[in-house]
Amino acid sequence: MDEKKKYPFHEKYFKKEWSYTTGSVLLAILALALVIVTGASWGVTGPLGMWGGKLLQLIGINADAWKGYNGSLAKYNFWMDQPSLTNLGIVLGALLSVLLATQFKIKKIKSMKNVWAAVLGGLLMGIGARLSLGCNIGAFFTALPAFSLHGWVFWISIFAGAAVGSQLLKKYFM
């Protein structure tokens, strides 16, 4: 029997791509549910700083004494931190969706040039997110509905950065 006929629900909701409208509406509903349940807006990069500080402590660096932490690492508990649990949920949800769509693949690394570009790009994005006190979630999805000026500045900046990044990508990696 044909797989599509055997599992029509799975085929429709897990294998086929959803429309941008469906994705947008679901993101809005989930973001609203998060605010209603936790009383906090959606944020991603804040906990990453705490995770980095904890990692530094594991290798013997006292990051808790740094100005940015001010002793907060000693009180930090991953399992009691809503943004950290949200991040974990995002990662596990992404993994689950890829597994359910049977799209999980471990790919061969094409070149070290691409690896270094990805590492550098990730570091620059992380540094930028911490300097701007938020990533596209906190600085965009949370700020624009609140009519915050920084959300509009972020929106313009992210598009300008994407345009420059696309040109660099085409020039050096394609």
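The values are calculated or read from the model by the stated rules, or taken from the named source; none is laboratory data. Given the structure is predicted, the values throughout are model-derived calculations rather than measurements. Neighbour counts run over all protein chains shown; Cβ positions are idealised from the backbone, glycine included. Protein only, heavy atoms only, side chains kept; ligands, DNA and RNA dropped before computing areas. Shrake-Rupley method; radii C 1.70, N 1.55, O 1.52, S 1.80 Å.
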Original post:
Residue check: is Leu124 assigned to a helix (DSSP H, G or I), modelled with pLDDT of 80 or more and under 18 Å from Thr45 (Cα atoms)?
Top reply: yes
Subject >> Extreme residue, nearest to Gly46 (Cα to Cα), among residues of region 70-87 that are open to solvent by 60 Å² or more (accessible area, probe 1.4 Å) and part of a helix (DSSP H, G or I) >> reply: Leu85
Subject >> Close pairs from region 92-115: first under 20 Å from Lys171 (Cα atoms), partner modelled with pLDDT under 85 and open to solvent by less than 100 Å² (accessible area, probe 1.4 Å), Cβ under 7 Å, at least 6 apart >> reply: Asn114/Phe173
Original post:
Within region 11-21, can you find the residues that are in contact with a helix residue (DSSP H, G or I) (Cβ under 8 Å, 6 or more places away or on another chain) and touching a residue at least 24 places away in the same chain (Cβ under 8 Å)?
Top reply: Phe14
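Listed here are the residues, each with its yes/no results for (1) touching a strand residue (DSSP E or B) at 6+ places or on another chain (Cβ under 9 Å); (2) on the phi > 0 side of the Ramachandran plot; (3) at pLDDT 85 or above; (4) surrounded by 15 or more Cβ atoms within 10 Å (Cβ to Cβ).
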{"position": "Leu131", "(1), (2), (3), (4)": "no, no, no, no"}
{"position": "Ile137", "(1), (2), (3), (4)": "no, no, no, yes"}
{"position": "Ala146", "(1), (2), (3), (4)": "no, no, no, no"}
{"position": "Gly151", "(1), (2), (3), (4)": "no, no, no, yes"}
{"position": "Val164", "(1), (2), (3), (4)": "no, no, yes, no"}
{"position": "Tyr172", "(1), (2), (3), (4)": "no, no, no, no"}
Original post:
Taking region 22-45, which residues are open to solvent by 40 Å² or more (accessible area, probe 1.4 Å) and in contact (Cβ under 8 Å) with a residue 40 or more places away in the chain?
Top reply: Leu27, Thr38, Ser41, Trp42
**OP:** Within region 24-69, work out how many residues are β-branched (Val, Ile, Thr), assigned to a helix (DSSP H, G or I) and farther than 18 Å from Gly134 by Cα.
**Re:** 5
**OP:** Answer yes if at least one residue in region 9-20 is in a helix (DSSP H, G or I), modelled with pLDDT of 80 or more and open to solvent by 60 Å² or more (accessible area, probe 1.4 Å), and no otherwise.
**Re:** yes
**OP:** Can you give me the number of residues within region 127-157 that are without any contact (Cβ under 8 Å) to a residue 24 or more places away in the chain, under 24 Å from Ala33 (Cα atoms) and not in a helix (DSSP H, G or I)?
**Re:** 8
